[in-house]
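The values are calculated or read from the model by the stated rules, or taken from the named source; none is laboratory data. Note that this is a predicted model, so its numbers are computed, not measured. When we count neighbours, we look across all protein chains shown, and the Cβ atoms used for this are built from the backbone with ideal geometry, even at glycine.
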Protein chains: 4
Amino acid sequence: MLPDVQLSKPDVEIGLSRVGARGIRKLVQVRREGKRPVILIASFDVYVDLPSTRKGVNLSRNFEAVDEVIENLVRDPIENMEDLNIRIVDELLERHEYATKAEVFMKAEYILRKRTPSSNQQTQEVIRIFSEAEKWRGGESKIYIGVEVHGITACPCAQELVKAYSAKRLEEIGLDADQISEIMKSIPLATHNQRGRSFVKVEVRENFRPRVEELIEVAKSGMSYEIYEILKREDELEVVMKAHFNPRFVEDAVRLMAKRAVEMFSSAPDDTRIYFRQINEESIHQHDVIAERVATMGELRDELS
Amino acid sequence: MLPDVQLSKPDVEIGLSRVGARGIRKLVQVRREGKRPVILIASFDVYVDLPSTRKGVNLSRNFEAVDEVIENLVRDPIENMEDLNIRIVDELLERHEYATKAEVFMKAEYILRKRTPSSNQQTQEVIRIFSEAEKWRGGESKIYIGVEVHGITACPCAQELVKAYSAKRLEEIGLDADQISEIMKSIPLATHNQRGRSFVKVEVRENFRPRVEELIEVAKSGMSYEIYEILKREDELEVVMKAHFNPRFVEDAVRLMAKRAVEMFSSAPDDTRIYFRQINEESIHQHDVIAERVATMGELRDELS
Amino acid sequence: MLPDVQLSKPDVEIGLSRVGARGIRKLVQVRREGKRPVILIASFDVYVDLPSTRKGVNLSRNFEAVDEVIENLVRDPIENMEDLNIRIVDELLERHEYATKAEVFMKAEYILRKRTPSSNQQTQEVIRIFSEAEKWRGGESKIYIGVEVHGITACPCAQELVKAYSAKRLEEIGLDADQISEIMKSIPLATHNQRGRSFVKVEVRENFRPRVEELIEVAKSGMSYEIYEILKREDELEVVMKAHFNPRFVEDAVRLMAKRAVEMFSSAPDDTRIYFRQINEESIHQHDVIAERVATMGELRDELS
Amino acid sequence: MLPDVQLSKPDVEIGLSRVGARGIRKLVQVRREGKRPVILIASFDVYVDLPSTRKGVNLSRNFEAVDEVIENLVRDPIENMEDLNIRIVDELLERHEYATKAEVFMKAEYILRKRTPSSNQQTQEVIRIFSEAEKWRGGESKIYIGVEVHGITACPCAQELVKAYSAKRLEEIGLDADQISEIMKSIPLATHNQRGRSFVKVEVRENFRPRVEELIEVAKSGMSYEIYEILKREDELEVVMKAHFNPRFVEDAVRLMAKRAVEMFSSAPDDTRIYFRQINEESIHQHDVIAERVATMGELRDELS
């Protein structure tokens, strides 16, 4: 019989908040009614807590828990990322009988097909998706799903500066106030613009099951416009025009995501937690600019009413 | 007069938890009494919150706040990382009159000189240091400092398995129980071992000012042994021997750090928050293994008494 | 009609070696006879050269070339990574009529199923695969495929030091020379060991089509032993034992890969290029250690004969 | 006497192209006449080759070589990065008597002070600097220095599309051809713009010693405009205006760098190798766009004459 060191009493009897493994890569298939299944290479971080009386966690059980759930997807398919992770935390609690809590953090890249705005050509988009589940033995659980999308943001501040400059130049050329005002509304003036990343993460509740597609829509609502891998010239014009008639700060992006979430997630209970983040990879700086909001749906509803 | 879009009212009147910039790189000199100053290339993330009534933050003020504090170090030197960041949050609150809270997160690499364990040759070690400060206008503040160090961890579980196997082999060779027991104590048996990373972060309080050197000592107390950039053969033997006579799980590493912190930080108030993390880059797996503990000093004292 | 700036003459008439896009992510399915298809999330970098007389490349054609080839895989499946990339460079040359050369660099992660060495439990392994194709208009082409695998390497130098130390200790305990020699052969002595990465890349020739499975075998031949995501105790003992009875430097790993490649790739022409690299994430240092060999198959055959 | 495994004969007698360590971090001070010294946290990769007859390299000698050179800088200061690396390869060849070749690759971040374009406020810029040295025993050596800078690039293609659109709109508003032409020249029209990275690397020759400042000037000559960490509103207007009156593809950036290098490096021998690369982190795509040119100074001179 091989010795089992993990079972012994530790020298220092202190409990641990979290013991586990990170970066477990798995191929996951999510079946969707009437569509072809989504295939993801996902990465899992899985943890349990550890009482002060036990030296170590049997970490191979973490892998077995993830494996068993994923293998079973073939005969018992899931339709949501969060269901996968709920099953994993259940398996973790079953296998680690000494643990009072289990957690899983999953991230994956999801390749979405879409069409360009003007030439209607088929192209694609890489979306990052996230899902977390945390469960206490015999009790409460917390589940989140989230997405991060890329888009373009055009700066409203620099555009106002360019407008003020341009109005003065047009006056010098001899145009009158009405003409200048008309021109300002008609043609897109320069500003700096950049690749932005919009992240939204929301708690999943018993009677509130947001879909990934809804989160993508919320995330995209914050930026000046969408971006595309293929852009024909007419598409490129469309993206640049739309983005420049719709300039937005990181602050605007977060606020607009929050507004859209309130509209979209009307069935979410007031105490549902939600988190928004916008990161702009500024074209005029070496650093990135960020805005965030952490709130409950109830708080957002109050602020918007 | 140039237009100032940030001042205007936003379309969506929602407050923001955090607006700022991340990845501001600065050269920082920390003066130390009787020693040559420490030079760091530090990276700062700086944030303020934003009320629902104001469209945007004047981000250039974040840079000016960081710059002003760092420029002033020449005539008004600091002796601690945390003092630098306290000054920065004070400047942020001064410059962003609409903010109720300011935050700064600093990280840097610090090159420590040290000597090899056996040949006593001079070598070096790269330590990651962290410092955070969070301050509410006219009120409370929270300050943390932390370090991350590299070391070697040897696995106790695999070593026990190898011992059981070896004892059986020695029996077959014809040795008696006393001889076998003596051999087991005398020679270092194989196990897998790996590069580990130990992280500890602790709250700085009015009457509790832990030094970076103390945090490094706490962090190093968890692993099987230290590692070195230069190792002569006698040093390499020493590191391997010591590590193998001192095998430790990630769980052990966190517990030993917690124990050392309780001994080292006896003057810390009971409600001082502290955080430990051990990451092992396992040599027998593709994934990393992690243990964590989040606690107050009072909780740790209770568990250890 | 929209203007087409790319077509115009550049201000500075200098030719460019390479213009293109990097980081194009695609889902790829490789069909295999009698097995389930391999699914990869691949990342492509695609380039063409540009004559001095033309201002710009129409980059959307790069995406269309990649897309067209990948879409066609459904009705015209491939069995090798390299065929995919040969098709892509052909499409690139077709679409960029001004280019004399096209290049594609593909990388992907491939999840391999395997069984643990002792308990025979199912587990998996993430393999990085690489494929490059470079083609001149109406002429020569160069095609490579490569893999990178993880494994464990145990250091022979530290183990010899431990052996010398242990022999002396056993002598002190009162064992004789024969007993000591027998013990040294029977039980695995400590040394430092670490996660290693073995990379091999070989040119694909008209009559020499190495398979990914063969490259994986070559890559794995260099290390002390394989690693696994799941290891039961008997497996963990097996991995540690085998690795410690098979200690290897980065230098050994590269040489053993070269030897195995010469055995495995007997049909490769003498002028076939091949490249080997071993990286060890040293457990006793903060830095990594590397060995490389760049050669033709003919050179390796000469050195080994 | 401790055993020395490296000295023994390898099982597989194949020579190795490169054996060494990567990621050795060091604090380096470069003295400059009449200015304060430049302080860098540099990272070194150091290699030697290995004959087929020797099992291993004594890697601690690599560190000692780097250490000795850097320690000696205090009493024997250098004025150029390349001198540091020439000394390191000399030390490597001295210490590894079996090697025929030594190589070092250094990279560092250099924090440059500069002033904003309009408000003249002090700010900074992080420049990446590179230096390589390769030396054969008793013979030839190859030395390179390089820099990478960040800047903004505005797309000429999208701007022409916006111009064509805008001209049509202005016509509809009732402006005449002269007015439209005047407006197009006077006000900056929208286009997508992004953070770009310009890289240039050039061979250092006996009679041609390019300075880092010159390389920075060449690298910056390719982009639409410089970027800054602090920008007051008048500066932000200036950056956006200048960038939009100066739109450039990645192709243009490389060509303009090549042209400036030919002007700047008139003393470089014709066979001096030089390499240019521009990477744009496109604001309208998820992928990056790249252009490169590899040439000798003589080839560039021919193409430009």
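Just a few scattered comments:
- Close contacts from region C:16-27, counting a first residue that is more than 7 Å from every other protein chain (Cβ to nearest Cβ) and a second that is in a strand (DSSP E or B) and of a type in the set (A, V, I, L, M), with Cβ to Cβ under 8 Å and a gap of 6+ residues or different chains, come to C:LYS26/A:ILE111; C:LYS26/C:ILE41; C:LYS26/C:ALA42.
- Subset of region D:233-247 (residues that are outside any loop (DSSP other than H, G, I, E, B), more than 7 Å from every other protein chain (Cβ to nearest Cβ) and in contact with a strand residue (DSSP E or B) (Cβ under 8 Å, 6 or more places away or on another chain)): D:LYS242, D:ALA243
- Test: residue in region B:36-54 that is surrounded by 17 or more Cβ atoms within 10 Å (Cβ to Cβ), in contact with an Asp or Glu (Cβ under 9 Å, 6 or more places away or on another chain) and part of a loop (DSSP other than H, G, I, E, B): yes
- Remark: pairs (first residue in region C:130-152, assigned by TED's automatic domain parsing to the domain that holds C:VAL46 and within 17 Å of C:ILE111 (Cβ to Cβ); second residue among the acidic types (Asp, Glu) and part of a strand (DSSP E or B); Cβ separation under 9 Å; 6+ apart in sequence or on different chains) = C:PHE130/C:GLU148.
- On inspection, B:HIS192 qualifies as touching a strand residue (DSSP E or B) at 6+ places or on another chain (Cβ under 8 Å) and within 29 Å of C:SER181 (Cα to Cα).
- Subset of region C:9-35 [of a type in the set (S, T, N, Q) and either under 24 Å from C:ASP67 (Cβ atoms) or loosely packed, with under 15 Cβ neighbours inside 10 Å (or both)]: C:GLN29
- Residue list for region D:178-197, filter: in a helix (DSSP H, G or I) and either among the acidic types (Asp, Glu) or in contact with a Cys (Cβ under 6 Å, 6 or more places away or on another chain) (or both): D:ASP178, D:GLU182
- Options D:ASP4, D:ASP49, D:ASP45, D:ASP76: the member that is within 11 Å of another protein chain (Cβ to nearest Cβ) and without any contact (Cβ under 8 Å) to a residue 12 or more places away in the chain: D:ASP4
- Test: C:GLU148 is more than 27 Å from B:GLN159 (Cβ to Cβ), within 13 Å of chain B (Cβ to nearest Cβ), at pLDDT below 95 and surrounded by fewer than 22 Cβ atoms within 10 Å (Cβ to Cβ): no
- Looking only at region D:85-121, and only at residues there that are among the charged types (D, E, K, R) and in contact with a helix residue (DSSP H, G or I) (Cβ under 6 Å, 6 or more places away or on another chain), the one that is farthest from D:ARG233 (Cα to Cα): D:ARG95
- Residues satisfying the criterion are absent from region B:282-292 (criterion: part of a helix (DSSP H, G or I), facing chain A (nearest Cβ under 9 Å) and over 18 Å from C:ILE284 (Cβ atoms)).
- Residue in region D:158-178 that is touching a residue at least 12 places away in the same chain (Cβ under 8 Å), among the β-branched types (Val, Ile, Thr), more than 10 Å from chain A (Cβ to nearest Cβ) and crowded, with 18+ Cβ neighbours inside 10 Å present: no
- Scanning region C:54-111 for residues that are over 30 Å from C:ILE227 (Cβ atoms) and of a type in the set (S, T, N, Q) gives C:ASN58, C:SER60, C:ASN62, C:ASN72, C:THR100.
- Taken over region D:121-145, the criterion of being farther than 14 Å from D:LEU40 by Cβ and at pLDDT 95 or above is satisfied by D:GLU132, D:ALA133, D:GLU134, D:LYS135, D:TRP136, D:ARG137, D:LYS142, D:ILE143, D:TYR144.
- Test: residue in region D:248-265 that is among the small types (Gly, Ala, Ser) and in a loop (DSSP other than H, G, I, E, B): no
- In region B:95-119, of all residues being closer than 23 Å to B:GLY138 by Cα and among the β-branched types (Val, Ile, Thr), the one that is nearest to the chain's Cα centre (by Cα) corresponds to B:VAL104.
- Selection within region A:179-213: residues that are of a type in the set (Ser, Thr, Tyr) and buried (at least 24 other Cβ atoms within 10 Å of the Cβ). The member of this set that is nearest to the other protein chains (Cβ to nearest Cβ) is A:THR191.
- The single residue among B:GLU64, B:GLU13 that is facing another protein chain (nearest Cβ under 7 Å), in contact with a helix residue (DSSP H, G or I) (Cβ under 9 Å, 6 or more places away or on another chain), assigned to a loop (DSSP other than H, G, I, E, B) and of a type in the set (Asp, Glu) turns out to be B:GLU13.
- Any pair with Cβ under 7 angstrom, 6 or more apart, that starts in region B:52-70 at a residue that is closer than 20 Å to D:GLN121 by Cβ and ends at one that is of a type in the set (Val, Ile, Thr) and part of a loop (DSSP other than H, G, I, E, B): B:SER60/D:ILE230; B:PHE63/D:ILE230; B:GLU64/D:ILE230
- Residue match in region D:94-116 (condition: hydrophobic (A, V, I, L, M, F, W, C), within 14 Å of chain A (Cβ to nearest Cβ), more than 30 Å from C:LEU2 (Cα to Cα) and crowded, with 17+ Cβ neighbours inside 10 Å): no
- Tallying residues that are polar (S, T, N, Q) and part of a loop (DSSP other than H, G, I, E, B) within region A:88-134 yields 6.
- Check on A:ILE216, more than 9 Å from every other protein chain (Cβ to nearest Cβ) and touching a strand residue (DSSP E or B) at 6+ places or on another chain (Cβ under 6 Å): yes
- All of (1) within 25 Å of the chain's Cα centre (by Cα); (2) of a type outside the set (A, V, I, L, M); (3) in a strand (DSSP E or B) hold for C:PRO77 with one exception: (3).
The rows are residues; the columns are (1) in contact (Cβ under 8 Å) with a residue 12 or more places away in the chain; (2) more than 13 Å from the chain's Cα centre (by Cα).
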| position | (1), (2) |
| --- | --- |
| A:LYS201 | yes, no |
| A:GLU214 | yes, no |
| A:ASP235 | yes, yes |
| A:ASN246 | yes, yes |
| A:ALA253 | yes, yes |
| A:ARG260 | yes, yes |
| A:SER266 | no, yes |
